[in-house]
Amino acid sequence: MNNVLTLFKNSFKTESVRRKILFTIAIFLIFRIFAHIPVAGVNLEALKNLFSQNQFLGLLDIFSGGTLANFSVMALGLNPYINASIIMQLLTMVFPKLEALQKEGESGRRKMNQYTRLITVPLAIFQAIGMYALLRSQGIITVLAPLDLIAFMLTMTAGSMLLVWLGELITEKGLGNGISLLIFAGIVGRLPVSLGQTLSTLNSSNFLNIILFAGVALIVIGSIVLINEATRQISVYYAKRVRGNKMYGGQTTHLPLRLNQAGVIPIIFAVSLVLMPSLIANYLTASKNPVLFNIATTLTVWFNPDGIFYNALYFILIVGFTYFYTAVVFNPKKIAEDIQKYGGFVPGIRPGASTSHYLNYILTRITLAGAIFLGIIAIFPTVARAFTNVQTLLIGGTGILIVVSVVLETIKALEAQLVMKNYDSFTK
């Protein structure tokens, strides 16, 4: 704790880092202001009653930072952008040109981001239409005239794109990954509401259950920190090289392979996909077509957040996306080539292709442990709620994972900024 306080103290002493922190806080404030600007024509009281009776919608509201229950102009949240990112990542595996573009460095990354934003727009429009259909079926919004409906869709889409832009501003001028930080801000902003609901139901019969739930939450947080910081150290030796009158190399370093290379991204991707069938079911529930109504009923039963199938699918998606995103962010072949380029080698392993296969072998096995841990933590709160009967703390393991992971990543980003600043002072 003292180290963290010292880190923040030193961060505010450094002008460039202080500007980044203040800029990030300013974006958070803008986000929370827009989160309380409602869309016209929505009965907010009826909407809050619907959310209090529907666990799925309550869970979806947590990941929108409370903007959905208020039905603000940002009610769609970052879901369209996250889904567009998933589509782009999958397309890079299908089309070689996109894969090559992804490897072009900064210019390629900018083009990929531009394509992702272009895909986000139609996805946001589609989700806005679905949201209108859901609210209309529940009698929460009146039937709109064509121009009013267009304005409704444009408002929702513009709010979602504004949120994406704010996230990219944080990434560019603030601290850390802007999208993750905005999701973090939304979850943290929703925490007081969840805690208030829990305290309002506090009595002698459930007091021990709430204490037990809090104790389990502390254990989960500690486990997340432990796994996020866990690494497998690969020894790398560098041979001695003589250039002119100087000798280089002859030292030993370690290549740290994190147990969870993908960070919090697999959780965000998995949540976006696993909630989609339930969202579709809510749209189709009010349909007068018996076939569509039966489909909606089936989806509602199978994708109940407390159901076995939902949690099993959630677990499998997290494991799959952990491997998928690890393959995107960590390239064993490139790492092996860089080690060989600078005269390094792993003891007992030939440089080049053999080193790449060895790194991939190690990474595959440690990623399995990290992926299984993420999956267990994500579904564990569902089991805890079933045993403790504390239903108001809907943030669950997914929210805790995102909050803790983003906090750790932000602290590392601060440390990196301070190290870079100190290094620059020596080079001047």
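Residue ranking by accessible heavy-atom surface, 1.4 Å probe, largest first, among Glu229, Glu168 comes out as Glu229, Glu168.
Rounded to the nearest 10 square angstrom, Lys341 shows an accessible area of 150 square angstrom against a 1.4 Å probe.
Between Leu44 and Asn294, the modelled labels are 4.2 nm apart [label points 7 Å from Cα along Cα→Cβ]. Here r is the Cβ-Cβ distance between Tyr237 and Ala151 and R0 is 60 Å; the resulting FRET efficiency, rounded to 0.05, is 0.35.
Can you compute the modelled spin-label distance between His357 and Ile372, with each label point 7 Å from Cα toward Cβ, in nm? Between His357 and Ile372, the simple spin-label model gives 2.6 nm.
Neighbours of Leu5 by Cβ distance under 15 Å: Lys/Arg scored +1, Asp/Glu scored -1, total +1. Available extension along the chain between Ser16 and Lys341 is 113.5 nm, counting 0.36 nm per residue and deducting the alpha carbon span. In the assembled protein chains, Ser235 presents an accessible area of approximately 40 Å² (probe radius 1.4 Å). Across the range 87-98, coupling constants 3J(HN,Hα) worked out from phi with the 6.51/-1.76/1.60 Karplus curve, θ = phi - 60°, read 4, 5, 5, 5, 5, 5, 7, 9, 10, x, 5, 5 Hz, and Gly and Pro carry x.
For Arg258, the solvent-accessible surface with a 1.4 Å probe is about 60 Å², rounded to the nearest 10.
Residues Leu208, Leu123 ordered from highest to lowest accessible area at a 1.4 Å probe: Leu208, Leu123.
At an R0 of 22 angstrom, the distance between the Cβ atoms of Tyr115 and Glu172 translates into a FRET efficiency of 0.80.
Across Ile280, Ile187, the residue with the most accessible area heads the list, and the full order at a 1.4 Å probe is Ile280, Ile187. Compared with the alpha-carbon gap, the fully stretched path from Ile211 to Glu415 is longer by 70.0 nm at 0.36 nm per residue. Using 0.36 nm per residue and subtracting the Cα-Cα separation, the extra length available between Trp302 and Lys103 on full extension is 67.6 nm.
The values are calculated or read from the model by the stated rules, or taken from the named source; none is laboratory data. None of these values were measured; they are calculated from a predicted model. Note: ideal-geometry Cβ built from the backbone for every residue, glycine included; neighbour counts use all protein chains shown. Protein only, heavy atoms only, side chains kept; ligands, DNA and RNA dropped before computing areas. Shrake-Rupley method; radii C 1.70, N 1.55, O 1.52, S 1.80 Å.
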